Amino acid sequence: MFWKLHKSALRQAQLLRGVSRSTALPRRACATFRAHEECLELHYGGTQMRFNYVWLRDHCLSAASYNSKTNQRNLDTGSIDLTIRPESTRVEGDHLVITWPGGHMSKYSLSWLAENSFERKYQSAEQPRILWNSDIYRNATITSSKWDTFMSCDDELKKFLQNYLLYGIAFVDDVPATVEATEAVTQRVSLIRETTYGRMWCFTSDFSRGDTAYSQLALDRHTDTSYFQEPCGIQVFHCLKHEGTGGRTLLVDGFYAAEKLRERSPESFELLAQVPIKHEYIENTDRHQNHITGIGPVLNVYPWNNEMYLIRYNNYDRSVLNTIPHDVVQRWYAAHRELTTELRRPENELWVKLTPGKVVFIDNWRVLHGRESFTGSRQLCGCYLTRDDVLSAARCFGLQA
Ligand SMILES: C[N+](C)(C)CCCC[C@H](N)C(=O)O
Ligand SMILES: O=C(O)CCC(=O)C(=O)O
Ligand SMILES: [Fe+2]
């Protein structure tokens, strides 16, 4: 597989550089090109890029090929000659201009080509993040948003989303301790994702569902809905009431732990990123029947830059492991143990007591949550959000998500 060509450590360095990327290229930087038989080689802004000819024709932005009002392709890609070559190529000011056989002309801005080239793409992070352990997070002294400003001021929402994207967690304080206000605060961000638990859920330790969450027991760090083919993107919690002791919430940056694993034991990281495993939710009570399964690796990385985008870690809901032969099973358990060790380091644990008014948003693709056992009556409400819409909201504010 092509991504194996690159050493993971090198990739990490590249990803870190990606965080401070996006320095705009100087306008009118000079460009040179060479039309090879199999690709167009372009030097621009200090980068050497290679573009495939079918790709260039397919990405033509002329009115005939592309509808810039709807941002959709008009061109029928199925009709492009797969052996297409330009009739002529030239650089005109800030643009590359290609004339194709038959006379069609394509004009690409040089900065657009650079931004969208593979050479640029594989060196930068899809989503810049700040990975944290508890010291890093606490030293960053991130301020929580306040209900009033959060609900009325777009700049505050943007700041919140930026924190959320960078750290995978973000808080809103002073929210009225009701399900309605919790719903309003989440809808300010995105659409609610309805699941078998409902749209907004409000639960207590009454065993109303066949799941340990509905008890007073401690819950070790985990991601939720690992048994969905696409786990819920965001988890929202608001503790409406707790008269009793314990019940603190545990938060752990799964990507921080997994990056430590990648540094210390690259083969284990690789194995956890490659072996698909199953998670399962089986509930059979009078009121609820469910049998949900999801299959995918513990660690999910983009193949072009090795950036992690999803961790599935829920030892409660992990199902039978039968996707690998016995000798790989041993190695998988060893790798899983190493990841568990990283996830359990006390210095990686951020403990917070959720009190009425404090709403936490957790990136359920990245940050694990857990809870301390508790006594007394405790009522937690919240919901899941659709990831696509949260990221969309962030991008509409000009954030890189
Ligand atoms: C959050 N809420 C109480 C509604 C559901 C809890 C789901 C618990 C399940 N074991 C999981 O991890 O997905
Ligand atoms: O009770 C809590 O604090 C969290 C329980 C939990 O993990 C969940 O509801 O997903
Ligand atoms: Fe959970």
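We did not get these values from a lab; they are worked out from the coordinates using the rules stated. In this text, all values refer to a predicted model and were calculated from it rather than measured experimentally. Every residue, glycine among them, receives a Cβ derived from its backbone with ideal geometry; neighbour counts consider all protein chains shown.
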Given contacts defined as C-alpha pairs under 8 Å and at least six residues apart, what's the relative contact order of segment 193-258, whole-number percent?
19 percent
List Thr223, Thr196 from most exposed to least, where exposure is judged by having the fewest other Cβ atoms within 10 Å.
Thr196, Thr223
Label-to-label distance, nm, for residues given as Thr70 and Gln187 (7 Å Cα→Cβ offset)
3.0 nm
Report the relative contact order of the chain, percent, no decimals, based on alpha-carbon pairs under 8 angstrom and at least 6 residues apart.
22 percent
Student exercise: in the chain, how many lysine pairs 8 or more apart or on different chains have Cα atoms under 22 Å apart?
15
Based on the Cβ-Cβ distance of Thr341 and Glu280, what FRET efficiency does E = 1/(1 + (r/R0)^6) give at R0 = 35 Å, to the nearest 0.05?
0.90
For segment 176-313, averaging the sequence separation of alpha carbon pairs under 8 Å that lie six or more residues apart and dividing by its residue count, the contact order in percent is 22 percent
Of Phe118, Phe361, Phe374, the most mobile residue in a GNM of the chain (C-alpha springs, cutoff 10 Å) is Phe118
Sorted on mean Cβ neighbours within 10 Å (highest first), peptides 76-89, 324-337, 51-64 come out as 51-64, 324-337, 76-89
Compute, for segment 134-396, the length of the dipole vector about the Cα centre, with Cβ point charges of +1 (Lys, Arg) and -1 (Asp, Glu) only. Units Debye, rounded to 20.
240 debye
In degrees from 0 to 90, rounded to the nearest 10, what is the angle of the helix 8-19 Cα long axis to the longest principal axis of the chain?
90 degrees
Net charge of neighbours whose Cβ lies under 11 Å from the Cβ of Gly246, counting Lys and Arg as +1 and Asp and Glu as -1
+3
With a 10 Å Cβ neighbour count serving as the proxy for reagent exposure, in which order, fewest first, do Ile292, Ile277 appear?
Ile292, Ile277
Looking at segment 31-121, I'd like the Rg to Rh ratio, where Rg is from alpha-carbon atoms and Rh is Kirkwood's inverse mean 1/r.
0.94
Using +1 on the beta carbon of Lys and Arg, -1 on that of Asp and Glu, and nothing else charged, what's the dipole of segment 228-361 about the Cα centre, debye to 20?
360 debye
By per-residue mean of other Cβ atoms within 10 Å, what is the highest-first order of 210-218, 281-289?
210-218, 281-289
Nonlocal amide H pairs with Ser319, under 5 Å, H built at 1.01 Å:
Lys278, His279, Glu280
What is the spin-label model distance, in nm, from Cys30 to Glu194 if the labels are put 7 Å beyond Cα along the C-beta direction?
6.3 nm
Derived scalar couplings ³J(HN,Hα) [segment 301-306; Karplus, 6.51 cos²θ - 1.76 cosθ + 1.60; whole Hz; x for Gly, Pro]
10, 6, x, 7, 9, 6
The local net charge around Glu87, scoring Lys/Arg +1 and Asp/Glu -1 for residues other than Glu87 whose Cβ lies under 15 Å from its Cβ, equals +2
Using mean Cβ contacts within 10 Å as the protection proxy, how do 149-156, 310-317 order, highest first?
310-317, 149-156
Theoretical gain in end-to-end length, Thr245 to Glu180 [0.36 nm per residue, Cα-Cα removed]:
20.8 nm
If N is the number of residues in the chain, what value comes out of its Cα radius of gyration divided by 2.2 N^0.38 Å?
1.14
Could you identify which residue out of Ala181, Ala258, Ala170 has the top mean-square fluctuation in a GNM of the chain using Cα springs shorter than 10 Å?
Ala181
Kindly point out, ordered by number, any Cys in the chain whose beta-carbon has no other cysteine beta-carbon under 4.7 Å away.
Cys30, Cys39, Cys60, Cys153, Cys232, Cys239, Cys383, Cys396
Give a quick list of trypsin sites (Lys or Arg not before Pro) in segment 121-205 that DSSP marks as loop, anything other than H, G, I, E or B, with at most 13 other Cβ atoms within 10 Å.
Arg199
Counting only other residues whose beta carbon sits under 13 Å from that of Cys381, what net charge do I get with K and R as +1, D and E as -1?
+2
Theoretical gain in end-to-end length, Trp55 to Asn315 [0.36 nm per residue, Cα-Cα removed]
89.2 nm
Label-reachable residues, segment 370-384, where backbone N falls under 13 Å from a point 7 Å from Ala213's Cα toward its Cβ
370-371, 380-384
